[in-house]
Amino acid sequence: MWQPVSTAPYNQDIELAVIDRDGTHTLVFPCRRTLVGWVKSGTRERVDVSPTHWRPWDDGEKTADGR
């Protein structure tokens, strides 16, 4: 179940969703909320997004590269 992004936990793999002009999209890689913003879980690379909602990352469905 999706949760408001304001409730996203810190330092935990989560799935993010964003809304843009084309609609709602989920990111295909796990992200982590940090004190300085959002990062890709695997690389710690900063992700410049403004997510709207989140849910726990399900390792059983996806891998870090989205496959």
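The values are calculated or read from the model by the stated rules, or taken from the named source; none is laboratory data. Only a predicted model underlies this, so the values are computations on that prediction, with no experimental measurement involved. So basically every Cβ, Gly included, is an ideal-geometry build from the backbone, and we count neighbours across all protein chains shown. Surface areas here come from the heavy atoms of the whole protein model, side chains and all, with no ligands, DNA or RNA. Shrake-Rupley method; radii C 1.70, N 1.55, O 1.52, S 1.80 Å.
Below is a table of values for the structure above.
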| quantity | calculated |
| --- | --- |
| Qualifying positions in region 5-26 - touching an Asp or Glu at 6+ places or on another chain (Cβ under 9 Å) and among the acidic types (Asp, Glu) | Asp13, Glu15 |
| Residues of region 1-17 satisfying the condition of being over 12 Å from the mean Cα position of the chain (by Cα), open to solvent by 80 Å² or more (accessible area, probe 1.4 Å) and hydroxyl-bearing (Ser, Thr, Tyr) | Ser6 |
| Qualifying strands (runs of 3 or more DSSP E) (wholly inside region 18-67; at least 1 residues being under 9 Å from the mean Cα position of the chain (by Cα), under 13 Å from Ala8 (Cβ atoms) and modelled with pLDDT of 95 or more) | 31-34, 37-40, 53-56 |
